[in-house]
Protein chains: 4
Amino acid sequence: MHYARGMARTVDQHRYHERRNAILQEAHRQFSASGFDRTTTASICRGAGISSGTFFHYFPTKLDALIGLLASGAEATVRQLALIEQQQKGVDAILAYVKAFENELTDPSYSGFVHAIAGVEQVPEVAGVLLDEARATSEFITRNLAIAQEHGTIRDDVPVDRLAVWVRWLFDGAAQSAAETITVEAGGLADAVRALLGSPARTD
Amino acid sequence: MHYARGMARTVDQHRYHERRNAILQEAHRQFSASGFDRTTTASICRGAGISSGTFFHYFPTKLDALIGLLASGAEATVRQLALIEQQQKGVDAILAYVKAFENELTDPSYSGFVHAIAGVEQVPEVAGVLLDEARATSEFITRNLAIAQEHGTIRDDVPVDRLAVWVRWLFDGAAQSAAETITVEAGGLADAVRALLGSPARTD
Amino acid sequence: MHYARGMARTVDQHRYHERRNAILQEAHRQFSASGFDRTTTASICRGAGISSGTFFHYFPTKLDALIGLLASGAEATVRQLALIEQQQKGVDAILAYVKAFENELTDPSYSGFVHAIAGVEQVPEVAGVLLDEARATSEFITRNLAIAQEHGTIRDDVPVDRLAVWVRWLFDGAAQSAAETITVEAGGLADAVRALLGSPARTD
Amino acid sequence: MHYARGMARTVDQHRYHERRNAILQEAHRQFSASGFDRTTTASICRGAGISSGTFFHYFPTKLDALIGLLASGAEATVRQLALIEQQQKGVDAILAYVKAFENELTDPSYSGFVHAIAGVEQVPEVAGVLLDEARATSEFITRNLAIAQEHGTIRDDVPVDRLAVWVRWLFDGAAQSAAETITVEAGGLADAVRALLGSPARTD
DNA sequence: CATGAATGAGCCTTCATTCAT
DNA sequence: AATGAATGAAGGCTCATTCAT
């Protein structure tokens, strides 16, 4: 077979992303289980079945693997929020997100990742990605709380900004519980959010 | 002057605890700022103005310093909860604890310690201390929520166990926000708890 | 159009040498700037706009690139010395070489290469090339110093062998100064050589 | 035996310097033999009979060991120049230094060190130390050449600044020859310097 | 011929911990 | 009790080189 210069570009890119994702996945698993610092690159390599050289071929630094992970997570979140808002607004949008969030928490591979970041949070690049995601979520919540208040579907004795903070506390707290392998019962978070917002209880 | 044996020992014990506490305080500061793994014993020694030898004289292991810290924190919490329950019951007790908790969050030296534990949580000794404290708090909350429900001062459409979980989520979430140097405005957590519990808004 | 085999080969050879030289040139630049060990093949490839595979296609080893460089330098020196001796003899020949040498030193790309070799000098292949060049130069100098002494144009109180050593010291010292980015003023070396040899000062 | 706080200070300092020097000596030997980059800290440790931890206890970095070496060399040079000038002036001072310098070159342990620096010369700290030493030497030479010219003991057709440069070329060139394990015959450099300066030949 | 992903030995450095003084 | 020099296992990362495409 004959290869023109750079011909196999498409195939290569495919392979490249496949392998990159495999490494990321293994890194995720180990970061979640042991935290960033206690996870060694050697161990990730072992788990991913690659050599150390390959790891650093894809990620110049162990930290860069974490950042890649966070970035893709943030991206997914943003995408998801957009998708939700395409279909629902107000309380419904928020509850839809709660549901999606609960699913994430249930995923055993994703729980525990909260702590992976500990100690590296202050690193500018990490902080940046985290902030981006936090901001996107905050705005989503605030935006839809405002709509809900206008529609009269939630309490109106507390300004949306404060309500948004409260909701995020619930989210973060629930995430942390999940991280501590305390099972979060399905629907629990949604109920809590409803109670907090003073919206009518579900009827399903 | 002549010192009786007992006296000298008392002085020694005093010195011992003083120094031990100084080390713990420095360890706390650094663990909070950089996390357990990224804090080196050398750096703690430097900050505490002692030699490495002295450090390991007081704590056989770096982890032991963390455990000492957690244990004293747990002890303080238990003491505090007991004190509160001596004076108040039901919602009032819970809100009193919320207030104390908020004070802790405001203390810049204490915020951030939440993450210090990351990666070491699974270590049996650490997990044990954490569990003890968590259990004490949980029981305190559940106990007083039950009383509150009996008194009709909070919603009764949700069982106390679930309410307790929700309250703890708020606590943990707020603590995490504080750790991320997002200022938690005074009284905010109390309001959120009231909203969640369906208890009447404060009038003070 | 149709190309006869021989023709194609000529073209190929042309391309081959062109590329080889491009690599050598980039290697030279980087070796000069950072030394042999601190220059990475990856960096040379980047500078030359080629892939690592290509580099190792032309040079089986990083060291081989250095050797290629040294060899072509030695070859050039030998050619130059021969050329000079075709036209001049005695002091004039030496001074002509001094002039050529000074030109080389002035070339910013060539200065600094002196140190590139450090650490690899002892490697047989490297040592061989260096020795060949050093010997050629030494013999050239000695030969022409002898002629000069016969002609009475330089001091005769010191045997040519020792004079040759002295002259080479001046050369090497000047080269080193140039390498340390200390500008060597034009003609300075020639004057020094004249002073050392006791030959009459220039009158141009 | 009873030790007061910090009692053994004197002994400790003694031991400290002894060991530090031992490491420095071993580093010197290996740097000289293989160059800075090709010398591994592990190899120095092996040679000095210490652990890697100890090495980095004395020198935070491999580079710092080199800098320590250069600094002590520069210091020694400065001390020596001062000593010489206490006893001699003019040509005599310069020739005294030449003699001392030749001795250094003869020392097999010291030859070759010239190249150890290659590749690291540009590092600010290294460059600084080197520059300090070079400046001290330059000034010493210039100063004494000026005196010599006043006394009429050397040629006066060339300004001292240029003569100083020439002399340094000879020095550097000779040092390089020595580094290339080409034996520099005793007195050779002195003769060359005399010839260059036009001072009367020695009569001893 | 050219490409660049993959390799893995090897390097510098860190850091918890020990122990002679 | 206090000190800090010494230790050495372990980790992150580099880089020359190979080879399938």
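The values are calculated or read from the model by the stated rules, or taken from the named source; none is laboratory data. Source: prediction; values computed, not measured. All Cβ positions, glycine included, derive from the backbone under ideal geometry; neighbour counts span all protein chains shown.
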Out of curiosity, is A:Arg135 within 11 Å of chain B (Cβ to nearest Cβ) and closer than 24 Å to B:Glu185 by Cβ?
no
Tally, over segment A:138-165, of residues that are at positive phi and within 13 Å of another protein chain (Cβ to nearest Cβ)
0
In segment B:97-116, what residues are modelled with pLDDT of 85 or more and among the β-branched types (Val, Ile, Thr)?
B:Val98
List the number of the failed condition for B:Thr203; all other conditions in (1) at the interface with chain A (Cβ under 10 Å from one of its Cβ atoms); (2) modelled with pLDDT under 90 hold.
(1)
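Every residue, every condition in (1) within 16 Å of DNA strand F (Cβ to nearest atom); (2) assigned to a helix (DSSP H, G or I); (3) touching a Gly at 6+ places or on another chain (Cβ under 6 Å), yes or no:
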| position | (1), (2), (3) |
| --- | --- |
| B:His57 | yes, yes, no |
| B:Leu69 | no, yes, no |
| B:Ala93 | no, yes, no |
| B:Tyr97 | no, yes, no |
| B:Ala118 | yes, no, yes |
| B:Glu121 | no, no, no |
Going through segment B:120-132 one residue at a time, which ones are within 13 Å of another protein chain (Cβ to nearest Cβ) and of a type in the set (Val, Ile, Thr)?
B:Val120, B:Val123, B:Val126
Of the residues that make up segment C:56-73, is at least one farther than 28 Å from C:Ala136 by Cβ and at pLDDT 95 or above?
yes
Within the set of pairs 6+ apart or on separate chains, which have a first residue in segment C:166-182 that is more than 7 Å from chain D (Cβ to nearest Cβ), a second that is at pLDDT 90 or above, and C-beta atoms under 6 Å apart?
C:Val167/C:Ile141
Can you tell me which residues in segment C:28-55 are within 9 Å of DNA strand F (Cβ to nearest atom), charged (D, E, K, R) and touching a residue at least 24 places away in the same chain (Cβ under 8 Å)?
C:Asp37
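For segment C:36-55, which residues satisfy the criterion of being outside any helix (DSSP H, G or I) and within 14 Å of DNA strand E (Cβ to nearest atom)? Talk me through it step by step, then tell me what you get.
We begin by selecting, within segment C:36-55, every residue outside any helix (DSSP H, G or I); these are C:36-40, C:49-51.
Correct list: C:Asp37, C:Arg38, C:Thr40, C:Gly49, C:Ile50, C:Ser51.
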How about segment D:159-200: which of its residues are within 15 Å of C:Arg194 (Cα to Cα), β-branched (Val, Ile, Thr) and at pLDDT 90 or above?
D:Val165, D:Val167
